[in-house]
1. Among the aspartates and glutamates, which have Cα under 20 Å from the Cα of A:LYS121 when same-chain residues fewer than 8 positions away are ignored?
2. Quickly estimate the mean residue ellipticity at 222 nm for chain A, helices only: each DSSP H run with n ≥ 4 gives -39500 (n - 2.57), and the total goes over all residues, rounded to 500.
3. Can you quote the Å³ per residue value for the convex hull of the Cα atoms in the protein assembly as shown, rounded to an integer?
4. Could you give the alpha-carbon Rg of the stretch A:139-221 over 2.2 N^0.38 Å, rounded to two decimals?
5. Where does the charge balance sit around A:TYR279 when Lys and Arg score +1, Asp and Glu -1, over other residues with C-beta under 9 Å from its C-beta?
6. Using the per-residue mean of other Cβ atoms lying within 10 Å as a proxy for protection, in what order, highest first, do the peptides A:45-54, B:175-184, A:208-217, B:206-215 fall?
7. How do the peptides A:343-355, A:177-189, A:256-268 rank, highest first, by the average count of neighbouring beta carbon atoms within 10 Å per residue?
8. Going 7 Å from the Cα of A:SER292 toward and past its Cβ, which residues in the stretch A:326-355 have a backbone nitrogen under 20 Å from where you end up?
Amino acid sequence: MRTPLTLRILRSTPRAGWIALAIFAAVAWICVPVAHAVLPEGHALHLSAYIVSLLGKILCYMVVAVAMDLIWGYAGILSLGHGLFFALGGYAFGMYLMRQIGRDGSYGADLPDFMVFLDWKELPWYWAGSDSFLWSLFLVVAAPGLVAFVFGWFAFRSRIKGVYFSIITQALTYAAMLLFFRNETGFGGNNGFTDFKRILGYAITSPGMRATLFALSAALLVATLVIGRYLVASRFGRVLAAIRDAESRVMFIGYNPLHYKLFVWTLSAVLCGLAGALYVPQVGIINPSEMSPATSIEIAVWVAVGGRGTLVGAVLGAGIVNLAKSWFTVSFPEYWPFFLGFLFIAVTLYLPDGVVGLWRRLGARRAVVPAAVEGVKPATGPCGEPAPAQSEFEPIAKGAQA
Amino acid sequence: MSGVMEWERNAVADEQRGNFSGNASGAHVVREGELDLSHNVILYLDDITVSFDGFRALNGLSLAIDAGELRCIIGPNGAGKTTMMDVITGKTRPDSGKAFFGQTIDLTRLTEPQIAHAGIGRKFQKPTVFEQHSAFENLELAMKADKRVRRTLFAQLFDDDRDRIAEVLVQIGLAHEADRPAGLLSHGQKQWLEIGMLLMQEPKLLLLDEPVAGMTDDETARTAELFVSLAGKHSLVVVEHDMAFVEALGGKVTVLCEGSVLAEGELAEVQDDPRVIEVYLGR
Ligand SMILES: Nc1ncnc2c1ncn2[C@@H]1O[C@H](COP(=O)(O)OP(=O)(O)OP(=O)(O)O)[C@@H](O)[C@H]1O
Ligand SMILES: [Mg+2]
């Protein structure tokens, strides 16, 4: 009598959600690639390289936001260091991109330019295998996953919670940023990696490659949302929310919160790493500023703006804030930090449930009137069947026999 | 760490095979970690002492609860009733003394979750339910199951599970509130929900710390009925200040005072005991 997994995944999202996802996928996988790579440049519907990479970048941010919502909105763990996992994924794939430059760098050497500049004669040991696409994909998952797992193990085992946990994650990403700033670390110092040329031998700036990266980012977002929906609609998701609301009680009914937190924390970090790996070739650069404390705080702002604990809110929040950011940084670059701060305060004070909360409130207001006319709905049991209509209590004796 | 997991696994596996010996007749082979009720005693505390910074919260406490018994524990504030439950559930370690669950399970050597898995359920003095979850979901989470991450990820509710939850919902009078968030329930209903969660865990021994605090008289009476109906199949230890409730339960009563047993017997007997009267009416 087990329901197949595919069916349960289907059921974890309401029909409207699937329709929205299908429309999104059609646009991202067909319309955008065609508009960019097939239609000629003068065509009215042609999408420029700038637009496609901007949108692709935002798709990556949306993945990060959903990953953040999984741990913050559902497990109640506010990470202010998620930029680190994003950057680790980016650096892991960036190493491969650097190796793909080959001898086309400004020094024409086998080593990446920054190593030649440092007068290094050979690759450091941790660059071994970086010319392999598959190995770099492995690193994209393993590097953030391992860092998150080890850090999470110690933090959750010591029962570090709330604001203390958030502060430690800030310190973690800050320490990593300082480390990556150093030239000796072997990741290009404060310039990071840039001037990428190819992926798997194909030119990175070609319309086909750009469209492919965009479509892959969209696929990652769809996958993240589907996995996320399954998790939060499953019993696992209910345990997470229970840990958020009353952790000691959860232990007492027999769950070990450490394992639950560690699982979702590591998953969230891996999703960020994958997003980082797709982000780097689209923006063409990765440097330690991605690990700055402010970057990680911004991720939390996206989720707060969209509405925590809804997944779709995280997507909306990342979209709204980043579109606003690209407009600001072109029109009034100096005001962006003020606007971001203002946005955060305004949302915290007036929209505690973010954009999604506002939408629901408006929806509820509209729904109140018809419900009042219809009268009280008959009560239903847990599975939607009408509840037994007799007295609230069954004769107690029945319970005794059971 | 892995030792704990191992133990839990065994306990779960044993129970699934129906290996918790209960009152098994015939040859009885005692195995490690099994509840052995061969002498008909489910809980056995002997000479337990617990001190907090030199203050003795429990002072040579000895107590035995029979399998299927419904026992009330009364006593003035600070008598050590909650501390006694802390010792039984592994939250507090005694300085000296023995605590056994059945004949073989040494409670002083197990952790809290191990004790929960062994079959002791506890309702705390302050009710705690998962406020964002519906009453139904609260019961679902408490339900006896394999509670490791891997299993929970793919867990699903079968018809049996739904029936069981629906049955408990009726038992605790929340059948009409099944889909309401627990945070919206009244105080008394939350108490009931927590009792329901306890039932879903299917413990052998239920420890209930002031279960009717904050309930109306009517709710209290119904709770008494529920507990009486549970006795026999389960063993219950109920801590209460409400004498009408204790009377309605009708079981044996133990009076705790300053960390040890002052008197034990039928309620009427105990109430006539001059030492008990002195404790309750002040010196
Ligand atoms: N963790 C602790 N540290 C120090 N003292 C404690 C601790 N826990 C309990 N006590 C003390 O031990 C004594 C017994 O407390 P306990 O909570 O067991 O009493 P109780 O019988 O449950 O009382 P009540 O009826 O008020 O719930 C009290 O004097 C209390 O102050
Ligand atoms: Mg107490």
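No lab work stands behind these numbers, since they all come straight from the coordinates. Keep in mind it's a predicted model, so treat the numbers as computed, not measured. A quick note on method: Cβ atoms are made from the backbone with ideal geometry, for glycine too, and the neighbour counts reach across all protein chains shown.
1. Those aspartates and glutamates meeting the cut-off are A:ASP104, A:ASP110, A:ASP113, A:ASP131, A:GLU184.
2. -21000 deg cm²/dmol
3. Looking at the protein assembly as shown, the number lands at 216 Å³ per residue.
4. So the stretch A:139-221 has a normalised radius of gyration of 1.51.
5. Value of the local net charge: 0.
6. B:206-215, A:208-217, B:175-184, A:45-54
7. A:256-268, A:177-189, A:343-355
8. It comes to A:326-345, nothing else.
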